[in-house]
Amino acid sequence: MASHFIQPLFLFLLLSGSFISAHSFVKPNNEARPDNETVYRISKALCWGCWAESLEFLVAHNLVRAAHWELPLWWDPRLEEYARSWAGLRRADCKAMHSFPEDGFKLGENIYWGSGSGPTPSDAVRAWADEERYYSYQSNTCESGFVCGHYTQLVWSRTHRVGCARVVCDDGDVFMTCNYDPPGNYVGERPY
């Protein structure tokens, strides 16, 4: 009976700790406070108005990972900025989903396109997680004719950080992307 309380408590502590630690900018008392230029650069990079979506992405990811006893992901502002830049490029045409241009920055990536402006970060993560039904752990393959790589990236055990973005496109649809570091989906390797 106690396990019914311990697992949710453990999950809550892991989820809240990973988000808070990733967004804490507390300096020890003996260090100087950042100047205004530093504060401006940090606040611009973090997209302060997007914190609720960031938290929703992170919690949704970590709930899926917890179901497989995988460690929670940490939110990475740099990956968020990268995802936000990529999503911004798609704003004019959400349906043009191409992979991100190669620039030496190797990341895992999941992309979601939704009709209308209603889809949320949880909807995207749920869609990726639903691919689990097409994945066979025994053979480490997807069912023929189906995709499961979004799911395996989501639960990849050696991935530690995530950053995501959601934009409403000019046509009113939604485009969401998440970047993962280190990336997953290596041929011949199992996700967990």
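Quick one: which residue in Pro121, Pro182 is out of contact with any helix residue (DSSP H, G or I) (no Cβ under 7 Å at 6 or more places or on another chain) and modelled with pLDDT of 95 or more?
None of the others qualify; the one that does is Pro182.
Given the conditions (1) surrounded by 17 or more Cβ atoms within 10 Å (Cβ to Cβ); (2) touching a residue at least 60 places away in the same chain (Cβ under 8 Å); (3) under 13 Å from Val64 (Cβ atoms), which single one is not true for Tyr151?
Unmet condition: (2).
Just name the residue that is modelled with the highest pLDDT out of those in the range 58-88 that are aromatic (Phe, Trp, Tyr) and assigned to a helix (DSSP H, G or I).
Tyr82
Can you tell me which residue within the range 154-171, out of those that are among the β-branched types (Val, Ile, Thr) and out of contact with any His (no Cβ under 9 Å at 6 or more places or on another chain), is most open to solvent (accessible area, probe 1.4 Å)?
Applying the filter and picking the extreme gives Val168.
Is it the case that Ser144 is under 16 Å from Asn62 (Cβ atoms), assigned to a loop (DSSP other than H, G, I, E, B) and either modelled with pLDDT of 95 or more or open to solvent by less than 30 Å² (accessible area, probe 1.4 Å) (or both)?
Answer is no for this residue.
If you check every pair at least six apart or on different chains, which have Cβ atoms under 7 Å apart with a residue in the range 113-128 that is part of a loop (DSSP other than H, G, I, E, B) first and a residue that is open to solvent by 40 Å² or more (accessible area, probe 1.4 Å) second?
Partner pairs satisfying both residue conditions: Ser117/Val168; Thr120/Glu56.
Against the condition farther than 18 Å from Trp75 by Cα and either open to solvent by less than 20 Å² (accessible area, probe 1.4 Å) or of a type in the set (Phe, Trp, Tyr) (or both), how does Tyr180 come out, does it pass?
No.
Consider only pairs whose beta carbons are under 8 Å apart and that are at least six residues apart or on different chains; among these, list those whose first residue lies in the range 167-192 and is under 23 Å from Glu132 (Cβ atoms) and assigned to a loop (DSSP other than H, G, I, E, B) and whose second residue is open to solvent by less than 10 Å² (accessible area, probe 1.4 Å) and hydrophobic (A, V, I, L, M, F, W, C).
From the range 167-192, the pairs are Pro183/Trp156; Gly184/Trp156; Asn185/Trp156; Pro191/Val155; Pro191/Trp156; Tyr192/Val155; Tyr192/Trp156.
The values are calculated or read from the model by the stated rules, or taken from the named source; none is laboratory data. Every value quoted in this text rests on a predicted model; they were computed, and no experiment measured them. Every residue, glycine among them, receives a Cβ derived from its backbone with ideal geometry; neighbour counts consider all protein chains shown. Heads up: the accessible areas ignore ligands, DNA and RNA and are worked out on the full protein's heavy atoms, side chains in. Shrake-Rupley method; radii C 1.70, N 1.55, O 1.52, S 1.80 Å.
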